[in-house]
1. Which of the lysines could a cross-linker bridge to Lys122, judged by Cα under 18 Å and excluding same-chain residues fewer than eight apart?
2. Counting other C-beta atoms within 10 Å, which of Thr286, Thr254, Thr160 has the fewest, and how do the rest follow?
3. Mind checking which of Ile24, His291, Asn168 is farthest towards the positive end of the chain's charge dipole, using Cβ charges of +1 (Lys, Arg) and -1 (Asp, Glu) about the Cα centre?
4. For the chain, what's the relative contact order in percent, using C-alpha pairs closer than 8 Å and at least 6 residues apart?
5. Taking the beta-carbon count within 10 Å as an exposure proxy, list Leu186, Leu153, Leu91 from fewest neighbours to most.
6. Would you work out if segment 156-299 is rounded, prolate or oblate? Take a ≥ b ≥ c from the square roots of the eigenvalues of the alpha-carbon gyration tensor; rounded if a/c is under 1.5, else prolate when a/b is larger than b/c, oblate otherwise.
7. Quick one: Cα centre-to-centre distance for segment 135-212 and segment 25-65, in angstrom?
8. Applying the Karplus parametrisation 6.51 cos²θ - 1.76 cosθ + 1.60 with θ = phi - 60° to the phi angles of segment 197-205, what ³J(HN,Hα) value in whole Hz is obtained for each residue in order, glycine and proline being reported as x?
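Just so you know, all these numbers are worked out from the coordinates, no wet-lab data involved. Note that the coordinates shown come from a computational prediction; the quantities given were computed from them, not determined experimentally. Here the Cβ is made from the backbone with ideal geometry for all residues, glycine too, and neighbour counts use every protein chain on show.
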Amino acid sequence: MFLVTGASGQLGRRVVQRLCAQNIPVRAFVRLSSDYDQLRQWGADLYIGDVQNQRDLVKAAQGVRYIIACHGSKISSGQHLAVDYRSSIELIEIAKAIGLEHFTYISALAVTTDRQDSPLLKAKWEVENHLQASGLNYTILRPATLMSSLIPLAVRFQQTGVYLLLGNPEHRIGLVSTDDLAKIALAAPQTPAAYKQTFTVASSQVLYRQDVPQIFGRFFNKQPITINVPQGAVDGAWTMLGLFNAEIKNELGTLRTLLGHECYGQPQEIERMEQTFGLGSENLETFLSRHFNQIEAYD
Ligand SMILES: NC(=O)c1ccc[n+]([C@@H]2O[C@H](COP(=O)([O-])OP(=O)(O)OC[C@H]3O[C@@H](n4cnc5c(N)ncnc54)[C@H](OP(=O)(O)O)[C@@H]3O)[C@@H](O)[C@H]2O)c1
């Protein structure tokens, strides 16, 4: 039995869908407020709870051999201590107690950048360290930005032709197909070469930020109107906000960190990921095409 936390999220639901399609028993951890009907229709066993509640985590992990931890709070939610840090540490401790066979943890590629202003990235870094020291059999996946995160921007672009480009247009960004990440998260427990290893998970397609509206433009056959908010303006607003409200400044720290750095997979890291898991990576155009034509990727 697999336990998938964050099962209603962009990644978690894809992992659950794949497990169900292969008739592998899966318990999907969701909240009462989550959008979970589809998970049940696919055949998942639902556990309704909150990852902040230790009792829920203990009960959800009963009889489980594998955990894929996909839960996470929104980047400006202010819940990083409770949701991203504490609940993940708790889940690792429970995994140790039940003698779990394998733990897949979804971190983030950006943990390797300057984390100082980002409570989210600090939480992920600390959880990685805790898992590495746990004695568990684990795989840590550090994904670049999930392509599914760009879908709301693509939908707005389709309607208006406008793209709001935050940060430096000439910064390189890494993306990963959310379906490729789901495949890898599932393959990890069955891939001995991935045990006790940490992987960058990114498409080999590295883009400049300014490439995204151009790709949308070609895809929707629309001339893009790009509005750029430069990094200096983001930094200025962040500093100003901090003078009035330190909490908001703290919450926006991750966004500023992500915008302030180039963050993409190095070719040798991508090659290692592709070789270990035996798959190539999808590019943004194909991902958009599948999404907007409702074609699901299955192998
Ligand atoms: N999106 C990206 O570009 C990106 C990049 C790098 C790393 N990551 C990491 O990859 C993982 C998956 O990302 P994603 O984009 O799939 O995230 P997502 O769509 O925001 O999903 C997050 C999931 O966590 C659940 N969750 C949040 N708080 C919870 C709580 N207190 N109790 C129980 N469940 C809770 C959410 O439930 P609800 O549906 O009820 O909200 C949702 O199912 C996360 O750890 C994220 O940090 C994401």
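1. Straight-line reach from Lys122, under 18 Å: Lys74, Lys249.
2. If I rank by nearby Cβ atoms, fewest first, I get Thr160, Thr286, Thr254.
3. Ile24
4. 18
5. Ascending Cβ contact count within 10 Å gives the list Leu153, Leu186, Leu91.
6. Oblate, because a/c is 1.5 or more while a/b does not exceed b/c.
7. Computed from Cα coordinates, the inter-centre distance equals 25 Å.
8. 10, 10, 10, 6, 10, 8, 6, 6, 7
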